[in-house]
Amino acid sequence: MAQWTGTQIAEPGLLVQYPYGECVTPKTNHPSDFRVVQRKSTMLTDHLFSASYLLNVFSVVGIPKFPKEKISPKDVEHGDSIVLHCNPPKGIPPLHIYWMNIDLQHIPQDERVSMSRQGDLYFANVDENDSRNDYCCFAAFPRLRTIVQKMPMTLTVTRSKHANDSSSPRATTANLIKERKPRLLIPSESSGRSSDVTVIKGNDLFLECIAEGLPTPRLTWNRVDRGVTENYGKVLMVEKVTAADGGRYTCIAKNALGETRHDFNVHIEEPPSWVEKPQSGVFSIGENLVLLCKAIGNPEPTIKWKRNGLPVGDMKPSRGMVTTREISITQLQLQDSAVYQCEATNKHGTILATANVDVLDITPELLTPDGEEYVAVVGYPSYLHCQYFAIPTPDVTWTKEDSLSRLDMPSYYQYPNGTLEIRETRKTDSGSYTCWVSNSVGKSAITATLTVRDATKVSVVPKNPQVLKSHSVEFKCYAEYDSHLRHHFKISWRKDGEELDMNKTEEGRIIIERDTLLIPSVELEDNGVYTCIGSTSLDSAVDDSRLTVLYVPDPPEDLYLSEKQSRSVQLSWTPGNSNNSPINETIVEFEENRWEPRKWQELIRIPGNMTTAVVPLAPYVNYQFRVVSVNGVGRSRPSEPSERYETPPAAPDKNPENIRVEASEPHEMVMKWEPLKPMEQNGPGMEYKVSWRRQGIETEWNDETVKKHSLILKNTPTFIPYDIKVQAVNSLGSGPEPVVITGYSSEDIPEAAPSNIIVQVINSTLAKAIWSTIPKDRVRGHLRGYKVSWWKTRSRLDGKNHHPEKHSLTFNGDRNDGMIPGLEPFSEYRLTVLAFNSKGAGPESLAYDFQTPEGVPEKPHFLKILNFDKESVTLSWGPPKKPNGIVTGYILQYQIINETDDIGLLHEVNITNPSSFSLRLSNLSASTKYKFYAKACTLQGCGKPVTEEGITISEGSKAVGKITEAVKPTQKTQPLEALEPGTAHTVRLVTKNWVDNNSISADVIETRGRAYAGIYERISTQGWFIGLMGAIAMLTLLLLTVCFVKRNKGGKYSVKEKEDLHPDPEGQSIKDEIFGEYSDSDEKPLKGSLRSLDTDIKTAESADSLVEYGEGDHRMFNEDGSFIGAYTGCKEKASVESIGSSTATFPFHA
């Protein structure tokens, strides 16, 4: 059974209550006949529950109408006050009232005429203009969409008969009688000097004062700190008042005759509101119940308790107690279950709070199914649920596996609803768990299984890269996840938190392929944080990397010139975006349109954090500026140009530089200088004032002004010093005082030659020339140096005269001696010396003849092994090409060598007959490798050795060598005569004009023995063998062809290779006598007794060294650039030739 309670419904016939709780209204014929009234009620449905509802109650009303009445006209004398009443009909609020005439034009309102909040029209005083017969009051009801009009009213304003006669003395008296001090119409005088106003907290407060009087009174208020005035100061409105808005408010009406006032005592009250409400709950038998209820309001509300909608009387039994703020019951029983209500009421309203109290006694019932399986991830929290319903409140216990002990370790937490949390899951947490729920009525349990998987991990590389714009960047997402979850694992990418679609990313600029994100050409908008999300069905992991795109700065903007001076201006600008690379420098450039228009030039550079610079300027320049920013990537585009600024002209600040006198025709002096640049001229009319005078003779300056940057003086003596100065001059004045320099008039060639020539011979290749310098007055110019020339006239060895091939060296002018290198030993020479200046060379000195002594000879032309037996060998050699003197004999040396660094004792044979060119050596060891040395000697010593190597034959074997006839260069094969079976042979390919043992190629072949001939014959008849051999032969020929081409046509050759390709024909005569086979071998330093040879070699080399002459630096011979080319190359060639050697190899039986 439903029951309606709450505010009593007073309107008869409004509601009809039916047994099941329906609430209906009677029938009506028009929708506008309803008025809405809101009321709060409570419906009780049974003994356990209740509900509160806010009802919209409809009250039946009629359509608002003004009564039909006849309104009498109102006659008022001029200056009196009057009120036109509206008295609008009742209707559904809100209500809006308007005063208008019959033409629906508003009646003008001001401080004299105004409408009150009730809708009446007040006149503080009237005049003739207020007379009219159509004062209409309109009432508008927006909710009803209705506007109703009151019958028009007539107002007639008249003057007294004396007031109409201005000549009457009583007219002035009548006007004075009408003037009066203000009198309040609202509030009326009957309310006294003060009144009380009550307003509900949170509502708007309206205080109204309307006064009459003549002159028209003015209304003011004493408290307007929160409020605002309306209706020409006659209404004070305070929105949503609080307790602080309470107190006294005073309105004051004042005119010239006095004032009146009224006090409003404002009281702020409020309806009841809850501080504490009774709480519903479920309780078990025997528990204690306390329901609290506390409310506030102004006036203080009264509190009443109800049980199941009925008032609660005093509960005298010992189990309970009721007060205005509390109901307490001890030892609850089942019959204590009920709906308890607390009602708080004051004059502004009633509030109701409901608490459902249920007393139950229920065995634990588990709501979570038994046997649940949970899957968790390592490192994350896990939750095992155990939801129950039980009264009294049960005790919940969790156990693991077969253990009966409670899980109460710090890693576990049990919620009041029975859920078990494992704060940080580990692999060891896997297993079976049991939840036990028990109270005084009974006990229940469920089990759950927990499986723990490995956590997902991701890592993005590279970390936070910085990439130049238009370059590429690739992010790689490395992931680790549990193998059981591999079918559910997926990778996704985000940029700045927004998902990146793998199939649709940035118009194809970003390429995503599962774990890889590639941007082939990054743009500035690609800046951001890129996040990789690796997720499974259980967990997810994220890692991110911030991409910073670097680019040149954006161009500066908003260039502005200020503080314009004749030599400076302040330039300001707004820097552009740095594009992730700090601006470290700013460049200010300028362009001027007078000399080089449209050409931008750098002016100054300033630190990148500055946005203002004082720019230095030059006079007479029409400037325009632009700014360029520089960061670590590069330069920005230039800014837009600034406005132009032209500096005024001025006299020059500097004079020309680099003033000099250049070589010219005889008896002329050409003075030249560097002209001022256009930016240095400072003004128009640039010229140069040139001044000169002879040193020590003239005291007065000669001067001439020219526009070009040179001046020629005629008829000057030869090589005379002058004082010279050049000053810049323009239309505004002259430059600073110029610096005086010394210049000389034109030069002429020296007219004298060096004298007292002497040559001191130092050794066979070096001499020292000494001369006397020429007098300064004979130089006729600046002495540049001395030139020493020499040439060979005759060889002292053969007495032949030589065609003179001149050599020369130049020396500084302060020298009177110099070294003459590169001389040939045992020769006669002639030498001259001359002086030269800038104009040219003077006459040569008388020639001086001198001779060079003998020197150490070069190595013998060749060393050959003519015959090699098992214990002896015959050696042959040729005389040196350059004996450098008279050869007195030869020294032959030999020693045993092998494949290791160990060598045998060095043996020496001295040959005193210079005409002997062969020798047979005996007592050698069989099957032994020897190295042989041959040196030529003069009275000055022995030269470098030529070497050869060979192996003596073994016992019972013999070595036979043979040279075939010459073959054509294009020939690729050569048959050999029948060789002895089962022996080894060395085959060498050499050039026809063979002098030494160099060869093009060599190889060792071994003939087959007779026992294997049949096998080879049978194999050789097989087709596959023939094909294989043919392929090998083709490859071999191809390789040999490449070698020939490279050696004969390829690029550069060493000196040794050139000698092999172009041998001396003098050695051809002995070719047929050569015995055995030969191969090249580089000469290696040997240990033991070979040290004596090394000493000789070093001595020979040091004899020709140039470093030890000429002031400790061989570069002294390059003063005119001739010596290095003529002698250094020859010396290098000689040293290369000196290390050549050859080796002869002879076959032997093992």
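Out of the stretch 659-674, which residues are among the β-branched types (Val, Ile, Thr) and open to solvent by 70 Å² or more (accessible area, probe 1.4 Å)?
Hits for the stretch 659-674: nothing passes.
Can you tell me which residues in the stretch 422-440 are part of a loop (DSSP other than H, G, I, E, B) and open to solvent by 60 Å² or more (accessible area, probe 1.4 Å)?
Arg423, Glu424, Arg426, Ser440
Return the only residue of Ile519, Ile511 being more than 14 Å from Val467 (Cβ to Cβ) and free of Cβ contacts under 8 Å to residues at least 60 places away in the same chain.
So the residue among Ile519, Ile511 that is more than 14 Å from Val467 (Cβ to Cβ) and free of Cβ contacts under 8 Å to residues at least 60 places away in the same chain is Ile511.
Here is a list of conditions, (1) assigned to a loop (DSSP other than H, G, I, E, B); (2) open to solvent by less than 20 Å² (accessible area, probe 1.4 Å); (3) closer than 18 Å to Gly943 by Cβ, and Leu875 meets all of them except one; can you say which number that is?
(1)
What pairs come up if the first residue lies in the stretch 578-590 and is under 20 Å from Val615 (Cα atoms), the second is of a type in the set (Phe, Trp, Tyr) and open to solvent by 30 Å² or more (accessible area, probe 1.4 Å), and their beta carbons are under 6 Å apart, counting only those six or more places apart or on different chains?
Glu589/Trp600
Kindly indicate whether Lys708 is buried (at least 18 other Cβ atoms within 10 Å of the Cβ) and charged (D, E, K, R).
No.
Of everything in the stretch 395-421 that's open to solvent by less than 20 Å² (accessible area, probe 1.4 Å) and within 30 Å of Gly286 (Cα to Cα), which residue is farthest from the chain's Cα centre (by Cα)?
Here the residue is Val396.
Which ranges mark the strands (runs of 3 or more DSSP E) fully within the stretch 24-113 that have 2 or more residues being farther than 28 Å from Val126 by Cβ and at pLDDT below 50?
Correct list: 34-44, 50-60.
One line per residue, one yes/no per condition, for (1) open to solvent by 40 Å² or more (accessible area, probe 1.4 Å); (2) not aliphatic (A, V, I, L, M):
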position: Ile63; (1), (2): yes, no
position: Lys70; (1), (2): yes, yes
position: Lys74; (1), (2): yes, yes
position: Leu84; (1), (2): no, no
position: Glu111; (1), (2): yes, yes
position: Ala124; (1), (2): no, no
position: Glu128; (1), (2): yes, yes
position: Tyr135; (1), (2): no, yes
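Report, by residue number, each residue of the stretch 195-242 that is part of a loop (DSSP other than H, G, I, E, B), of a type in the set (D, E, K, R) and at pLDDT 90 or above.
Lys201, Asp204, Lys234, Glu239, Lys240
Taking the stretch 196-251, which residues are within 60 Å of the chain's Cα centre (by Cα), surrounded by fewer than 19 Cβ atoms within 10 Å (Cβ to Cβ) and within 17 Å of Arg117 (Cβ to Cβ)?
Hits for the stretch 196-251 are Val228, Glu239.
So which of Ser444, Ser432, Ser382 is in contact with an Asp or Glu (Cβ under 9 Å, 6 or more places away or on another chain), of a type in the set (Ser, Thr, Tyr), touching a residue at least 24 places away in the same chain (Cβ under 8 Å) and farther than 26 Å from Asp539 by Cα?
So the residue among Ser444, Ser432, Ser382 that is in contact with an Asp or Glu (Cβ under 9 Å, 6 or more places away or on another chain), of a type in the set (Ser, Thr, Tyr), touching a residue at least 24 places away in the same chain (Cβ under 8 Å) and farther than 26 Å from Asp539 by Cα is Ser444.
So, of the residues in the stretch 252-280 that are over 22 Å from Lys347 (Cα atoms) and open to solvent by less than 50 Å² (accessible area, probe 1.4 Å), which turns out to be farthest from the chain's Cα centre (by Cα)?
Among residues in the stretch 252-280 that are over 22 Å from Lys347 (Cα atoms) and open to solvent by less than 50 Å² (accessible area, probe 1.4 Å), the one farthest from the chain's Cα centre (by Cα) is Gly258.
Hey, among Asn756, Asn801, which residue is closer than 30 Å to Glu858 by Cα, open to solvent by 70 Å² or more (accessible area, probe 1.4 Å) and in contact with a Ser or Thr (Cβ under 8 Å, 6 or more places away or on another chain)?
The unique qualifying residue is Asn801.
Okay, residues lined up against (1) within 21 Å of Arg780 (Cα to Cα); (2) at pLDDT 95 or above; (3) part of a loop (DSSP other than H, G, I, E, B); (4) within 60 Å of the chain's Cα centre (by Cα):
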{"site": "Val833", "(1), (2), (3), (4)": "yes, yes, no, no"}
{"site": "Lys839", "(1), (2), (3), (4)": "yes, no, yes, no"}
{"site": "Gly855", "(1), (2), (3), (4)": "no, no, yes, no"}
{"site": "Ile865", "(1), (2), (3), (4)": "no, no, no, no"}
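Any residue at all in the stretch 647-668 that's of a type in the set (A, V, I, L, M), over 30 Å from Pro717 (Cβ atoms) and in a helix (DSSP H, G or I)?
No - not one qualifying residue is present in the stretch 647-668.
Can you pull out the residues in the stretch 712-768 that are polar (S, T, N, Q) and within 29 Å of Trp791 (Cβ to Cβ)?
Ser755, Asn756, Gln760, Asn763, Ser764, Thr765
Results for (1) under 28 Å from Arg637 (Cα atoms); (2) part of a strand (DSSP E or B); (3) open to solvent by less than 10 Å² (accessible area, probe 1.4 Å), shown as yes or no for each residue.
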residue	(1), (2), (3)
Leu517	no, yes, yes
Ile533	no, yes, no
Asp543	no, yes, no
Thr548	yes, yes, no
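Would you check if there is a residue in the stretch 358-365 being part of a loop (DSSP other than H, G, I, E, B), closer than 14 Å to Leu289 by Cβ and either of a type in the set (A, V, I, L, M, F, W, C) or open to solvent by 40 Å² or more (accessible area, probe 1.4 Å) (or both)?
Among the residues of the stretch 358-365, not one is part of a loop (DSSP other than H, G, I, E, B), closer than 14 Å to Leu289 by Cβ and either of a type in the set (A, V, I, L, M, F, W, C) or open to solvent by 40 Å² or more (accessible area, probe 1.4 Å) (or both), which makes the answer no.
Would you mind stating whether Asn298 is modelled with pLDDT under 95 and closer than 30 Å to Glu326 by Cβ?
yes
Is the stretch 812-824 home to any residue that is within 30 Å of Pro721 (Cβ to Cβ), among the basic types (Lys, Arg) and in contact (Cβ under 8 Å) with a residue 60 or more places away in the chain?
Looking through the stretch 812-824, none of the residues is within 30 Å of Pro721 (Cβ to Cβ), among the basic types (Lys, Arg) and in contact (Cβ under 8 Å) with a residue 60 or more places away in the chain.
Out of all the residues in the stretch 476-494, is one or more closer than 28 Å to Pro553 by Cβ, open to solvent by 20 Å² or more (accessible area, probe 1.4 Å) and out of contact with any Lys or Arg (no Cβ under 9 Å at 6 or more places or on another chain)?
The answer is no; no qualifying residue exists.
Those residues that are touching a Phe, Trp or Tyr at 6+ places or on another chain (Cβ under 9 Å), over 30 Å from Ser827 (Cα atoms), of a type in the set (A, V, I, L, M, F, W, C) and assigned to a strand (DSSP E or B), I need them from the stretch 879-938; list them, please.
Ile896, Ile897, Val909, Leu919, Leu921, Phe932
Kindly list the number of the only condition in (1) free of Cβ contacts under 8 Å to residues at least 60 places away in the same chain; (2) in a loop (DSSP other than H, G, I, E, B); (3) hydroxyl-bearing (Ser, Thr, Tyr) that fails for Thr397.
(2)
The values are calculated or read from the model by the stated rules, or taken from the named source; none is laboratory data. If you're wondering where the values come from, they're calculated on a predicted model, not measured in any experiment. Here Cβ is always computed from backbone atoms with ideal geometry, including for glycine, and neighbour counts include all displayed protein chains. Note: areas computed on protein heavy atoms with side chains; ligands, DNA, RNA excluded. Shrake-Rupley method; radii C 1.70, N 1.55, O 1.52, S 1.80 Å.
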